[in-house]
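Data first, discussion second: the structure below is written as structure tokens.
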Amino acid sequence: MIRKWRRELPLHIMILPGLVFILIFSYVPMAGVVIAFQKFIPARGLFGEQTWIGLDNFRYVMDLPSFTKVFWNTLYIASMKLVLGLLIPIIFSILLNELRNELVKRSVQTAIYLPYFLSWVVLGGILIDLLSPSGGIINGLLTSLGMEPIFFLGDNKWFPTTLITSDIWKNFGYGTIVYLAAITGIDPGLYEAATIDGANRWHKAWHITLPGMRMVIVLLSVLSLGQLLNAGFDQVFNLYSPQVYESGDILDTFVYRIGLLDAQYGVATAVGLFKSVISFILIAGSYFFAYRFARYRIF
């Protein structure tokens with residue numbers, strides 16, 4: 001046991017900074033959960049004498065006319081991101097795998113992967129310029145085609161679509177790399193046998209490539225269920241404005257406004273705790289299904 005521990009000591013030291021980070025920013029703040037059940041007054045301190053009000057903060061939140069809309073926005077935006085975030089990388093990785101020119105293939109991989117490394121602060125500024133109704137490139141193109149300019153970031157009809165599309169554009173390159181790695185693990189002999197039998201590229205993709213990717217697809221699908229209520233605070237915060245609260249306000253931005261801007265700390269903590277409990281149930285369920293269908297285990 002001691003010999004094994006010494007052999008693995010460098011690995012434990014390597015993960016130590018990550019464990020400390022999680023401890024400080026994820027576990028220590030959990031002491032603040034009690035605020036959800038208090039009429040919290042900051043001047044009295046977290047462990048000072050506060051007024052306990054039970055579930056009143058939760059009742060207050062549930063009675064807010066905007067909460068149902070916020071919850072629906074979160075569910076809709078996150079669900080569309082998850083579904084399209086799975087489908088588009090799968091389709092693109094299969095198409096990319098069919099390219100025979102390695103230079104073109106690697107160039108495309110690099111191009112679609114680059115946005116993944118940019119923060120939403122940077123991409124938000126880029127999108128605001130591109131989608132501007134007055135001087136943006138996109139609306140300039142629409143105007144040149146005889147169409148009316150679209151206020152993508154200020155119209156409740158278009159804002160959710162803009163969020164979903166821009167998120168897919170930013171992240172689908174990473175998913176494509178993952179699925180391409182899964183494709184490389186497929187036995188080339190299967191393709192050779194299919195060629196001898198007269199199968200074309202579409203037949204090979206449908207009967208060999210997709211089944212060969214099945215385990216990875218199932219694994220990523222079930223693990224993504226835990227993120228069903230994470231619609232992307234960074235993205236929404238950098239792109240939305242009061243005029244699109246109706247269609248773009250999500251739980252995270254709702255908590256930000258109520259807690260930090262309106263100073264209703266107990267109510268904001270109640271909303272955050274509500275989201276955390278639902279997310280915990282979804283994550284637990286996703287890991288169960290991941291083990292059930294893909295034999296995935298944490299350890």
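The values are calculated or read from the model by the stated rules, or taken from the named source; none is laboratory data. Values in this document were obtained by computation on a predicted structure and should not be read as measured data. Glycine also receives a Cβ, built like all others from the backbone with ideal geometry; neighbour counts cover every protein chain displayed.
Here are a few things to note about the model shown:
- Residue list for the stretch 252-263, restricted to those being of a type outside the set (S, T, Y) and crowded, with 20+ Cβ neighbours inside 10 Å: D252, F254, V255, I258
- Filtered residue count, the stretch 264-286, keeping only those that are free of Cβ contacts under 8 Å to residues at least 24 places away in the same chain and over 21 Å from the mean Cα position of the chain (by Cα): 2
- Any hit, the stretch 26-44, residues being exposed (fewer than 10 other Cβ atoms within 10 Å of the Cβ), over 25 Å from the mean Cα position of the chain (by Cα) and small (G, A, S): yes
- Figure legend. Inter-residue proximity from the stretch 16-36: first residues under 19 Å from W52 (Cα atoms), second residues among the hydroxyl-bearing types (S, T, Y) and surrounded by 10 or more Cβ atoms within 10 Å (Cβ to Cβ), beta-carbon distance below 6 Å, spacing 6+ or different chains. Indicated pairs: I35/Y265; I35/T269; A36/T269.
- Selected residue [modelled with pLDDT of 90 or more and over 23 Å from K275 (Cβ atoms)] from T162, T195, T184, T143: T162
- Of all residues in the stretch 171-223, those satisfying the criterion of being surrounded by fewer than 16 Cβ atoms within 10 Å (Cβ to Cβ), farther than 30 Å from F280 by Cβ and touching a residue at least 60 places away in the same chain (Cβ under 8 Å) are R201, L210.
- Highlighted here are the helices (runs of 4 or more DSSP H) found entirely within the stretch 157-261 that include at least 3 residues which are within 13 Å of the chain's Cα centre (by Cα): 159-184, 210-223, 233-239.
- Counted residues, the stretch 224-251 - those being in contact with a Ser or Thr (Cβ under 8 Å, 6 or more places away or on another chain) and surrounded by fewer than 15 Cβ atoms within 10 Å (Cβ to Cβ): 1
- Here the stretch 31-56 is the region considered, the condition is being modelled with pLDDT of 85 or more and aliphatic (A, V, I, L, M), and the residue that is farthest from V255 (Cα to Cα) is I53.
- Test for V277: is it β-branched (V, I, T), out of contact with any Ser or Thr (no Cβ under 9 Å at 6 or more places or on another chain), surrounded by fewer than 19 Cβ atoms within 10 Å (Cβ to Cβ) and over 30 Å from T184 (Cβ atoms): yes
- So D129, is it within 30 Å of S221 (Cβ to Cβ), out of contact with any strand residue (DSSP E or B) (no Cβ under 6 Å at 6 or more places or on another chain) and at pLDDT below 90: no
- Filter result for S93 (closer than 23 Å to V178 by Cα, touching a residue at least 24 places away in the same chain (Cβ under 8 Å) and surrounded by 14 or more Cβ atoms within 10 Å (Cβ to Cβ)): yes
- Residue among I126, I164 that is closer than 19 Å to D234 by Cα and loosely packed, with under 15 Cβ neighbours inside 10 Å: I126
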